[in-house]
Amino acid sequence: MTHAVLDPDLKIFVAGHRGMVGSAIVRKLTECGHRNILVRSRTEVDLLDASAVRTFFETKRPDIVVLAAAKVGGILANSTYPADFIYQNLMIEANVIHEAWKAGIERLLFLGSSCIYPRNAEQPIREEALLSGYLEPTNKAYAVAKISGIVLCESYNLQYGCRYRCVMPTNLYGPNDNYDLMHSHVLPAMIRKFHLGRLALEGNWKAIERDEATFGAIPDDVRSGLKAEGGANILLWGTGSPRREFLYVDDLADACLFVLGIPDDVWDEQITSQAVTHVNIGAGEDVSIRELAEMVRDVVGFEGDIVWDSGKPDGMPRKWLDVSRMNRLGWRPKIDLKRGIEMTYRQYLTTAGYR
């Protein structure tokens, strides 16, 4: 199935352009020849401030808004700062979606998260599973905020005839990811931990200091493993048994432009007629966290031991999205997990000044 290519003269505002997802979308738009990409830093337009968002939309009048701005983090960050996660994400979504409508912007793309689905949802998770059960407690606040964004878009579509669309990506990774071990997701955390372990085994403590200056403090439990007797070991949370699906962020960016280019009649037939207003974006397959650890270990070249801390939470037992709707619409990812990890590690080394 082929879809219309977005007019390169359309004025597109990418909210959150400095993040991993937003920057990937800007790269993809640029690659596709778009000439009117609007970006603003938080100091220029604070999305938590409704009046600032209103003024920006009224003066710049974008044709399309891509809402990729969000406060994100892994299990530790979500468990430690639940109030920050729910408040900031709710406010960003409410301000951007409402002010877009007030400014007459009919097209908006909202990026959610696969954590919107119930903890014990049937696998693979279909879009209809939304609001069908209890959420995973470790990221409930973030999930509720993202669910609210979907319902906001649905409500403005129903009441005001907007054409707001929502995509729910699986776990993402790639360029511009967050490697701060207090806030990162599982895959970037593994990349950094295994890299630090490799440096420790080589006795390259100056490089470890440089890494810490670039990516943030090394927690005490990780540091103690680097200095363990008999060689460095890497501490990973949980049992390693949960299964997760991972998508390279440039594939997500490609999917976002694909979704924006779907004609309204096709979108309505394939999505809204199915009693959902969002579509899953994923790789179509998952791996266990232990399998992921071995893949990352091989790519990085760490030869020490892995220690699993089963006293730490695992999160959802499995999170594997049903992506049959996107497949029927004609989209599939291009970058497999092993290649994506290799590309991400190379980018990590470049950022840290190793290459």
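The values are calculated or read from the model by the stated rules, or taken from the named source; none is laboratory data. Just so it is clear, the structure is predicted and the values come from calculations on it, not from any experiment. Using ideal geometry, Cβ is built from the backbone for each residue, glycine included, and neighbour counts are taken over all protein chains shown.
Need at least 2 residues that are of a type in the set (Phe, Trp, Tyr) per element, so show me which helices (runs of 4 or more DSSP H) inside the range 255-355 make the cut, counting only ones lying wholly within it.
Helices (runs of 4 or more DSSP H) meeting the threshold: 337-351.
So in the range 108-139, with the set limited to residues that are charged (D, E, K, R) and either touching a residue at least 24 places away in the same chain (Cβ under 8 Å) or touching a strand residue (DSSP E or B) at 6+ places or on another chain (Cβ under 7 Å) (or both), which one is farthest from Leu321 (Cα to Cα)?
So the residue we want is Glu136.
Any chance the range 43-64 includes a residue that's more than 17 Å from the chain's Cα centre (by Cα), in a helix (DSSP H, G or I) and basic (Lys, Arg)?
Within the range 43-64 (the criterion being more than 17 Å from the chain's Cα centre (by Cα), in a helix (DSSP H, G or I) and basic (Lys, Arg)), the answer is yes, since at least one residue qualifies.
Kindly indicate which of Gly104, Gly22, Gly73, Gly33 is closer than 17 Å to Met168 by Cβ and either in the same structural domain as Ile262 (by TED's automatic domain parsing) or not aromatic (Phe, Trp, Tyr) (or both).
Gly22
Let's see how each residue does on (1) among the hydroxyl-bearing types (Ser, Thr, Tyr); (2) in contact with a Gly (Cβ under 6 Å, 6 or more places away or on another chain); (3) crowded, with 22+ Cβ neighbours inside 10 Å; (4) under 22 Å from Val287 (Cα atoms):
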position: Ala83; (1), (2), (3), (4): no, no, no, no
position: Asn89; (1), (2), (3), (4): no, no, yes, no
position: Ala94; (1), (2), (3), (4): no, no, no, no
position: Glu99; (1), (2), (3), (4): no, no, no, no
position: Leu111; (1), (2), (3), (4): no, no, yes, no
position: Cys115; (1), (2), (3), (4): no, no, yes, yes
position: Ser132; (1), (2), (3), (4): yes, no, no, no
position: Leu135; (1), (2), (3), (4): no, no, no, yes
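Could you pull out the residue among Gly261, Gly304 that is touching a residue at least 24 places away in the same chain (Cβ under 8 Å), buried (at least 17 other Cβ atoms within 10 Å of the Cβ) and of a type in the set (Gly, Ala, Ser)? Don't jump to the end; show me each part of the working.
Numbers: Gly261 fails: buried (at least 17 other Cβ atoms within 10 Å of the Cβ).
Unique residue meeting the criteria: Gly304.
Answer with yes or no whether Ala253 is buried (at least 21 other Cβ atoms within 10 Å of the Cβ) and under 17 Å from Gly19 (Cβ atoms).
yes
Mind checking which residues of the range 159-213 are crowded, with 19+ Cβ neighbours inside 10 Å and among the small types (Gly, Ala, Ser)?
Within the range 159-213, Gly174, Ser184, Ala189, Gly197, Ala200 qualify.
Would you mention how many residues in the range 157-179 are in a strand (DSSP E or B) and more than 10 Å from the chain's Cα centre (by Cα)?
So the answer is 5.
Can you pull out the residues in the range 89-129 that are closer than 17 Å to Arg165 by Cβ and either among the β-branched types (Val, Ile, Thr) or not in a helix (DSSP H, G or I) (or both)?
Val96, Ile97, Ile105, Glu106, Arg107, Leu108, Leu109, Phe110, Leu111, Gly112, Ser113, Ile116
Of all residues in the range 179-205, which are farther than 13 Å from Ala232 by Cβ, at pLDDT 95 or above and among the charged types (D, E, K, R)?
Arg192
The rows are residues; the columns are (1) out of contact with any Leu (no Cβ under 8 Å at 6 or more places or on another chain); (2) among the charged types (D, E, K, R).
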{"residue": "Pro82", "(1), (2)": "yes, no"}
{"residue": "Phe85", "(1), (2)": "yes, no"}
{"residue": "Gln88", "(1), (2)": "no, no"}
{"residue": "Asn95", "(1), (2)": "no, no"}
{"residue": "Glu99", "(1), (2)": "yes, yes"}
{"residue": "Ile105", "(1), (2)": "yes, no"}
{"residue": "Arg119", "(1), (2)": "no, yes"}
{"residue": "Pro124", "(1), (2)": "no, no"}
{"residue": "Leu130", "(1), (2)": "yes, no"}
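Is it the case, given these coordinates, that Asp298 is closer than 24 Å to Met20 by Cβ, more than 21 Å from the chain's Cα centre (by Cα) and not basic (Lys, Arg)?
On the way: closer than 24 Å to Met20 by Cβ: yes; more than 21 Å from the chain's Cα centre (by Cα): yes; not basic (Lys, Arg): yes.
For Asp298, the condition - closer than 24 Å to Met20 by Cβ, more than 21 Å from the chain's Cα centre (by Cα) and not basic (Lys, Arg) - is met.
Of a type outside the set (A, V, I, L, M), without any contact (Cβ under 8 Å) to a residue 40 or more places away in the chain, outside any helix (DSSP H, G or I) and surrounded by 16 or more Cβ atoms within 10 Å (Cβ to Cβ): which single residue out of Arg40, Arg35 fits that description?
Arg40
Residue check, Asn176 against (1) at positive phi; (2) modelled with pLDDT of 95 or more, all met but one. Which one?
Going through the list (1) at positive phi; (2) modelled with pLDDT of 95 or more, Asn176 breaks only (2).
How many residues are without any contact (Cβ under 8 Å) to a residue 24 or more places away in the chain and assigned to a helix (DSSP H, G or I) when one looks only at the range 1-32?
Residues flagged as without any contact (Cβ under 8 Å) to a residue 24 or more places away in the chain and assigned to a helix (DSSP H, G or I) within the range 1-32 amount to 3.
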